[in-house]
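Notes follow once the structure below has been shown.
The values are calculated or read from the model by the stated rules, or taken from the named source; none is laboratory data. Every value quoted in this text rests on a predicted model; they were computed, and no experiment measured them. Don't worry about glycine lacking a Cβ; one is built from the backbone with ideal geometry, like all the others, and counts go over all protein chains shown. In case anyone asks, the SASA skips ligands and DNA or RNA and just uses the protein heavy atoms, side chains included. Shrake-Rupley method; radii C 1.70, N 1.55, O 1.52, S 1.80 Å.
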Amino acid sequence: ALYKRPDLLTVSSRETARTFKSAFRLNDQHLTYAPLPRNTILNTDKKILRELIYQFESEYEVKLLDELTQFEKVFIWLPTFRDGKKDFLKEAHIDFEQWNEFLSQRNDILLVKMHQNLHTRFEDFSHIRFLNSATDIYPFLTFTDCLITDYSSIYIDYLLLDKPIIFFCFDKHSYISDMRGIYYDYEEVTPGCKCYHFNELLASMDHFDHDQFQKHRQQMKEFFFKESLNKSLSDLLNEIKRR
């Protein structure tokens, strides 16, 4: 059942449709162009979103949301899980104490969500929060100022917020050639500063608001969402009923 071909798959653009048709051996009759349901929350007003978190999320998430108001800027780091490389953090040469000191001097905070299969234990830091594996980060993305990632497709959804993205891709060559690979040319579809060393990452965070990638982000937003930007979830529900 895990590999059963879907009767209907929601896609956000003709470009992404090509990828899914290839990956899952689908044709056009299996596809419908509509907003991805998980992204609806990214278009929700902050005040309403805060009320929804208070109403439906756990005490842990509510406390976290309230805590974010104490800081100047909120960064979120969402690294991709590396198959067979559970200790990729050593390869990245990350110094969390130095990172925390950098954030402390600016009164910024870093949220970190590791893959649930990464069982590394982390120390407690004053300006770094390692989120619970069960925490849904989508309600919090609106309250962040900058995303840090590498190869995770979550940056595509983050384009809908039109906020800066930093790509910490210290192992780009090995990831693309030896592990999962990617469907698109990495340089072309990643609108943000590329950092290959930890010190480069800190330097990019220090100047993240000197945004030089807004035009590129808009281009990629069109690339990944063009056919769904003017549609709603009602359109998707109607299409499901019609089918």
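Points worth noting:
- Residues that are polar (S, T, N, Q) and farther than 29 Å from residue 161 by Cα were ranked within region 25-39; the one that is surrounded by the fewest Cβ atoms within 10 Å (Cβ to Cβ) is 27.
- Candidate set: region 203-243, residues that are over 19 Å from the mean Cα position of the chain (by Cα) and among the aliphatic types (A, V, I, L, M); chosen: the one nearest to residue 149 (Cα to Cα): 203
- Residue match in region 102-111 (condition: outside any helix (DSSP H, G or I), open to solvent by less than 30 Å² (accessible area, probe 1.4 Å) and out of contact with any Phe, Trp or Tyr (no Cβ under 6 Å at 6 or more places or on another chain)): yes
- Looking only at region 124-170, and only at residues there that are in a loop (DSSP other than H, G, I, E, B) and among the acidic types (Asp, Glu), the one that is modelled with the lowest pLDDT: 124
- Strands (runs of 3 or more DSSP E) enclosed by region 1-80 - at least 3 residues per element that are within 20 Å of residue 233 (Cβ to Cβ): 9-11, 31-33
For (1) of a type in the set (A, V, I, L, M, F, W, C); (2) surrounded by 11 or more Cβ atoms within 10 Å (Cβ to Cβ); (3) over 19 Å from residue 144 (Cβ atoms), each residue gets a yes or a no:
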site: 6; (1), (2), (3): no, yes, yes
site: 19; (1), (2), (3): no, yes, yes
site: 23; (1), (2), (3): yes, no, yes
site: 50; (1), (2), (3): no, yes, no
site: 71; (1), (2), (3): yes, yes, no
site: 80; (1), (2), (3): no, yes, no
site: 99; (1), (2), (3): yes, yes, no
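- Residues that are open to solvent by 80 Å² or more (accessible area, probe 1.4 Å) and part of a helix (DSSP H, G or I), drawn from region 211-243: 214, 215, 219, 222, 226, 237, 238, 240, 241, 242
- Meets criteria (aliphatic (A, V, I, L, M) and in contact with a Ser or Thr (Cβ under 7 Å, 6 or more places away or on another chain)) for residue 26: no
- Residue match in region 79-86 (condition: closer than 24 Å to residue 206 by Cα and touching a Cys at 6+ places or on another chain (Cβ under 8 Å)): no
- Of all residues in region 188-210, those satisfying the criterion of being under 26 Å from residue 13 (Cα atoms) and either aromatic (Phe, Trp, Tyr) or open to solvent by less than 80 Å² (accessible area, probe 1.4 Å) (or both) are 189, 190, 191, 192, 193, 194.
- Qualifying residue in region 53-75 (condition: in contact with a Ser or Thr (Cβ under 8 Å, 6 or more places away or on another chain), closer than 20 Å to residue 203 by Cβ and modelled with pLDDT of 95 or more): yes
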